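Data block below; observations after.
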Amino acid sequence: MNYDNLPHKDIFCIDMKCFYASCIAMLEGLDVLKDPIAVINNFEQPGSIVLAASPVMKGKFKIKTGNRRYVHVF
């Protein structure tokens, strides 16, 4: 295939894996790869959703993005 006739443009890619957890880790001085972090929509409402979870939260505590807060004890 000849790629010379195809349009040329720059593409910017961002890895969004646990993006919000990474932002909180940076703001709080935590390590997203070592500290258990869960970002929850509204901590006061039991039905709130986990928006992001660090790899430790996912692996050790089985917390997944989209889980409801009332399913887990924080």
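The values are calculated or read from the model by the stated rules, or taken from the named source; none is laboratory data. Since this is a predicted model, take the numbers as computed values, not measurements. Note: ideal-geometry Cβ built from the backbone for every residue, glycine included; neighbour counts use all protein chains shown. Protein only, heavy atoms only, side chains kept; ligands, DNA and RNA dropped before computing areas. Shrake-Rupley method; radii C 1.70, N 1.55, O 1.52, S 1.80 Å.
Results, tabulated for the structure shown:
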{"quantity": "Selection from region 6-35 of residues that are within 11 Å of ALA53 (Cα to Cα) and either among the charged types (D, E, K, R) or in contact with an Asp or Glu (Cβ under 6 Å, 6 or more places away or on another chain) (or both)", "calculated": "LYS17, ASP35"}
{"quantity": "Criterion violated by PHE74 - all others in (1) buried (at least 18 other Cβ atoms within 10 Å of the Cβ); (2) at pLDDT below 85 satisfied", "calculated": "(1)"}
{"quantity": "Residues that are open to solvent by less than 100 Å² (accessible area, probe 1.4 Å) and in a loop (DSSP other than H, G, I, E, B), drawn from region 15-44", "calculated": "CYS18, GLY29, LEU30, ASP31, VAL32, ASP35, PRO36, ILE37, ASN42"}
{"quantity": "Scope region 45-57; condition under 10 Å from the mean Cα position of the chain (by Cα) and either assigned to a helix (DSSP H, G or I) or exposed (fewer than 12 other Cβ atoms within 10 Å of the Cβ) (or both); matching residues", "calculated": "PRO55"}
